[in-house]
C-alpha cells in the first residue's frame, strides 16, 4: 500500500495500485491469483483440492443444480465459485454447516459464513473457492450464475448422477 500524505485522497491513491498479475493497461486480472505464503507443508493445498472437497461435500449432502465457475484470470476474489441449491432453509443451513466442517477438518481452514441464520442464501468463503448455497426461489430471483458464468462454466446435474 503506498504511503498517503495528510489530506490526500485514499480512493484516488488506491485506484493507482495495479495488482502484479493484472494487465497494466486495463487493470483487469490476466492470470491466476498468487499462492498462499508461509504455509506449513501439511497445510499446503491447491484451489483444485478445495474445489474437489466442496464438490464431494455438496454431492454427499444432495445439493441440487450445482454449478462450478472458473474465476482464474477473471477475479482476484477466488479461483472458483460454486453455486448450488437446497430444497428448504433447513437443507441450505445443513449443507453449509457440513461443508464448513469438512473444510475445517480437511484443510484446517475456518471458512467464514454469512446468511446461515435465515437459510435463504448462505455465502461460504472457502479461501480459493467461494460457495453460494440458495433456496431455489432465492436463487431464481438473484440469478447469480448469469452474472459470473462464462461459456466454459460447468453445470453438474446431481439428479441425473446415480
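Every number in this text was worked out from the coordinates using simple rules, so none of it is lab data. Just so it is clear, the model here is predicted, and its values are computed rather than measured.
A few points about this structure:
- Centre-to-centre separation between the Cα atoms of the stretch 119-147 and those of the stretch 46-100: 9 Å.
- Cα gyration tensor category, rounded, prolate or oblate, for the stretch 45-156 with a/c compared to 1.5: oblate
- The overall shape of the stretch 112-151 is oblate: from the C-alpha gyration tensor, with semi-axes ordered a ≥ b ≥ c, the ratio a/c is 1.5 or greater and a/b is no larger than b/c.
- For the stretch 45-156, the relative contact order is 31 percent, taking Cα pairs closer than 8 Å that sit 6 or more residues apart in sequence and dividing their mean separation by the residue count.
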